[in-house]
Structures are given as structure tokens and as C-alpha cells.
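Working notes, structure below.
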Amino acid sequence: MIVKIANHPRDYAWGSKTLMADYFGWRETGAPMAEVWFGTHPGSPATLADNPHVTLREHIGQDLPFLLKLLAADRPLSIQAHPNLEQARAGFERENAAGLPLSAAMRNYRDANHKPEAIVALTNFEALCGFRSLPQIKNLLLDMVEAPDASETFVAIAKQWLDAFIADGLAALVAAILRPQLGGEPIVLDGFNAELARMADFSARFELASRLNELHPGDPGVVLALLLNHVYLEPGEALYLPAGNVHAYLGGLGVEVMASSDNVLRGGLTSKHIDVPELLSVLDFESAAVPRIQPRELAHGLVEFPVAAADFKLYRASVSAGNLLAEIALPAAAIALCVGGDVELTDSRGSAVNLRRGEAAYLSPEARHFTLAGNGDCFIALG
């Protein structure tokens with residue numbers, strides 16, 4: 001069984017008003033088009049395209065283990081991380097026991113699932129992900145301490161962070177930045193961040209702080225962002241973000257797939273709920289290389305984005321008049337999302353659907369395999 005599905009864009013404030021409309025030929029609404037969810041997650045379940053009163057979950061009678069999304073950012077998303085499965089289950093139970101409604105703004109855990117995720121760029125895409133190397137972070141802090149024409153307060157705060165980093169490591173530094181103090185008293189970072197932003201005049205490494213502070217003046221996330229790997233993706237390039245990876249998407253359009261969850265622990269660059277102790281409890285503080293995904297060609301026109309997640313697999317399929325993809329294995333339920341041209345999906349039981357750019361379909365695993373034809377490009381997520 002193949003059935004066409006649809007959903008409405010979510011209008012988060014960081015979303016772009018034009019990226020999805022321009023790329024897919026959709027009509028602009030004047031509101032941000034931040035994300036479109038293709039899955040069964042109750043936060044925004046997909047519906048049948050020809051009957052929007054019936055959700056995909058109601059139609060198939062079960063939940064999918066993955067969630068496929070379109071994401072279009074015009075402004076930075078929050079600096080955030082996601083829990084592992086054990087942390088998610090414990091946090092969900094704890095907040096349920098405390099009587100927090102699932103819709104409560106103070107809620108950290110809206111389900112009991114983890115949320116490893118991958119994103120593939122459709123346009124040029126900018127992101128922060130994972131911590132820089134420890135020597136890079138130390139040099140950054142030294143530049144702050146030795147900043148020319150810096151105020152005594154700026155130097156004192158930076159020196160305090162450098163001392164914490166040298167004495168107790170990266171976790172202590174991150175905690176000190178997210179809960180800033182001076183002389184044992186809590187402080188706000190308005191003045192500090194303003195000086196930090198001005199450092200972009202003599203060092204390019206502080207250009208990001210200048211940009212972020214214009215949007216979020218005084219936010220500790222402006223400082224935390226400088227500790228993270230700053231990544232630029234070209235169309236077709238991809239990242240994998242496991243549980244505990246601290247990250248923030250800064251701008252661009254991409255296809256995202258993840259375990260079906262909406263659990264987000266935020267640390268800054270947002271007006272939404274921030275829970276610093278809970279974020280610190282889930283963060284992975286190991287410095288590591290940028291977690292780029294190396295695509296693997298399975299056949300002419302069929303590429304896999306291999307990830308270390310059991311909840312989903314992600315493929316990109318390109319077909320043309322001279323190249324159709326026949327009998328692609330379908331070991332589990334799948335969702336196909338057309339991102340270019342027009343494609344026709346036909347399963348081994350004869351069910352078929354045509355997808356144009358920006359349209360999606362659910363593929364039932366009972367068919368075992370399907371054929372992709374036409375002249376277009378689509379992503380296929382399954383799990």
C-alpha cells in the first residue's frame with residue numbers, strides 16, 4: 001500500500017518565510033515556514049493528502065519509529081541537545097509524576113523516546129555541532145583574557161572561565177558560562193557579550209558572536225556558540241547528531257530524519273524554556289571531529305546516508321528517463337519525500353502514486369519492495 005500524505009508547516013519564529021516556498025514552489029503565507037513533519041508523532045501528525053481529517057497514525061494503526069521533516073531556518077535555532085533512551089524514559093516519568101501537562105512550557109520531556117537525528121542540506125546550510133578541540137577552546141579563552149581595550153569586568157569574567165576550564169575541564173566551563181557569576185553573585189552578560197561582539201573587528205573567530213548578539217543580546221548561548229564546531233554544508237552534504245551532541249542550526253533548508261521524539265534540552269539563543277541542570281546532565285562533553293555523514297552509493301542513482309541509529313535509515317534516490325530504480329527492498333515502513341521533479345512509486349502489489357516536488361507518501365512494508373520511476377529526486381526514510 002502506498003498513500004500520499006501531507007502536513008502544514010509549523011510557524012516557529014526562527015523559520016524562513018521564503019526558503020520552502022521558493023524551493024518547492026509553494027505559496028508564501030507571510031508566516032514562517034519552519035518545519036513540516038511527515039510521520040505519526042502526536043506533536044504534528046501527518047494526514048492523508050486526500051482526507052486531512054484522518055491522520056497517518058489512524059490510517060495505519062501504529063506509530064512509526066522515525067520522523068521525517070523539512071526544516072527551513074532563517075534565524076538560529078536554540079543551542080540544544082537530546083537525551084538518550086534511558087534519560088528520556090526517566091525524564092518523561094519524572095515530569096508525569098510531577099503532574100506537568102504534556103503541553104506545559106516548562107516541560108523538557110514530551111515523550112519517552114531518544115532523538116538521534118541526521119540532516120541533509122538542500123541549500124547551503126550553516127550549523128554548530130559538538131565541541132571544538134580542547135586546545136582550540138583554551139586559545140579562545142586566552143584571546144578573551146588578552147583582548148585589547150577590554151574592560152576589567154570583561155577580563156575578570158573571561159579569566160574566571162579560563163581558570164575553571166584549566167582546573168576542572170570542559171563541563172565546568174560550560175556550567176560557568178550558562179550560569180554566569182562574578183564574585184559569587186549571578187550576573188547578566190549584556191556588557192560582556194557587547195564587548196565580545198566588538199572583538200570581531202580584529203579577529204574573524206568572533207564574527208559569529210557579533211551576529212548572534214544582535215539577535216540575542218546578553219544570552220549566554222552567544223558565548224557557548226564559540227566553543228562549538230562551526231560547519232557549512234553544501235547541498236547534498238549531511239550531519240549525524242547522536243544523543244548528547246550539543247548543536248544549533250543557524251540557517252538553510254534541509255531534510256531531517258530522527259527517532260520519533262520531540263525531546264529538546266535547550267541552553268540558549270531562545271525565548272523558550274531553558275533548564276541548564278537538565279541540559280548539563282545529558283551533554284556529551286567529548287571533543288570530536290565534525291560528525292559528517294559519508295554517503296554510500298548502493299546503485300546508480302541510489303545513495304544511503306549511513307548512521308549509527310537503529311530507529312531509521314535514510315536514502316536519496318534520483319531517477320530519469322534512462323534510469324529507473326527497480327525492486328528497492330522495503331524491509332520496514334517508509335516515507336518518501338520528493339524534493340525535485342516528478343517521481344512515480346509503485347510497490348510489488350501494484351499500488352502506485354505520483355509525487356511532485358514537496359509531496360510525500362507512506363509505503364507499507366507488506367509489499368516488500370517498490371520501483372521508482374520518472375524524472376526526479378526523492379528522500380526515503382524507513383525504520
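All of the numbers you see were taken from the coordinates with simple rules; none came from a lab. Since we're looking at a predicted model, the values are computed, not measured. Neighbour counts are summed over all protein chains in view; Cβ atoms, including those assigned to glycine, are modelled from backbone coordinates with ideal geometry.
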Inset, instruction - Work out the FRET efficiency for residue 299 and residue 11 from their Cβ-Cβ distance, taking R0 = 56 Å, and round it to the nearest 0.05. - result: 0.90
Inset, instruction - With all distinct Cα pairs included, what does the Kirkwood hydrodynamic radius of segment 219-298 come out to in Å, to one decimal, could you say? - result: 14.6
Legend entry - Whole-number percent relative contact order across the chain, with pairs defined as alpha carbons under 8 Å at least 6 apart: 22
Inset, instruction - Please identify which residues in segment 125-140 have an amide N closer than 12 Å to a label point set 7 Å out from the Cα of residue 232, following the Cα→Cβ vector. - result: 125-127
Inset, instruction - Only residues of segment 255-290 count here: report those whose backbone N is under 16 Å from the spot 7 Å along Cα→Cβ of residue 136, or say none. - result: 285-290
Inset, instruction - Using only the Cα atoms of segment 133-226, construct the convex hull and provide its projected area averaged over every direction, in square nanometres to one decimal. - result: 5.4
Inset, instruction - Please report the relative contact order for segment 133-226, taking Cα pairs under 8 Å with a sequence separation of at least 6, and give it as a percent rounded to a whole number. - result: 22
Legend entry - DSSP loop GluC sites (Glu not before Pro) with at most 11 other Cβ within 10 Å excluded, longest remaining stretch of the chain: 147-285
Legend entry - Coordinate range along principal axes, alpha carbons of segment 1-145, Å, largest first: 61, 45, 28
Inset, instruction - Amide H neighbours of residue 16 under 5 Å, at least 5 residues apart or on other chains, H built in the peptide plane: list them. - result: 33, 72, 73, 74
Legend entry - Restraint check, 69/115; 115/159; 17/272; 115/313, Cα-Cα greater than 25 Å: 115/159
Legend entry - Contact order normalised by residue count of segment 296-382, Cα under 8 Å, 6+ apart, percent: 37
Inset, instruction - Add +1 for every Lys or Arg and -1 for every Asp or Glu among the other residues with Cβ under 10 Å from the Cβ of residue 197, and state the total. - result: -2
Inset, instruction - Please give the net charge around residue 374, taking every other residue with its beta carbon less than 14 angstrom from that of residue 374, where Lys and Arg add +1 and Asp and Glu add -1. - result: -2
Inset, instruction - Quick one: divide the alpha-carbon radius of gyration of segment 296-382 by 2.2 N^0.38 Å and tell me what you get. - result: 0.98
Legend entry - Translational diffusion coefficient (Stokes-Einstein; Kirkwood radius from C-alpha pairs) of segment 195-246 at 25 °C, 0.890 mPa s, in µm²/s: 196
Inset, instruction - Mind running the shape call on segment 173-212? Use the C-alpha gyration tensor, a ≥ b ≥ c as the square roots of the eigenvalues: rounded below 1.5 for a/c, prolate if a/b tops b/c, oblate otherwise. - result: prolate
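Count charges around residue 188 for me, please; just the other residues with Cβ under 14 Å from its Cβ, Lys/Arg as +1, Asp/Glu as -1. Walk me through the numbers on the way to the answer.
Values: positive: 179; negative: 185, 190, 195, 219.
Counting the neighbours of residue 188, the net charge comes to -3.
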Inset, instruction - Sort all Cα-Cα distances of the chain into consecutive 10 angstrom bins from zero, then give the percent of pairs in each bin up to the one containing the longest distance. - result: 5, 22, 30, 23, 13, 6, 1, 0
Legend entry - log₁₀ of I(q)/I(0) at q = 0.20, 0.22 Å⁻¹ - segment 204-349, Debye sum with one point per alpha carbon: -1.39, -1.60
Legend entry - Amide N proximity, segment 293-314 versus residue 324 label position 7 Å along Cα-to-Cβ, cut-off under 20 Å: 299-303
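So what's the back-of-envelope 222 nm ellipticity for the chain, counting only DSSP H runs of four-plus at -39500 (n - 2.57) apiece and dividing by all residues, rounded to 500?
-7000 deg cm²/dmol
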Legend entry - Pair residue 85, residue 4: separation of 7 Å Cα→Cβ label points (nm): 3.7
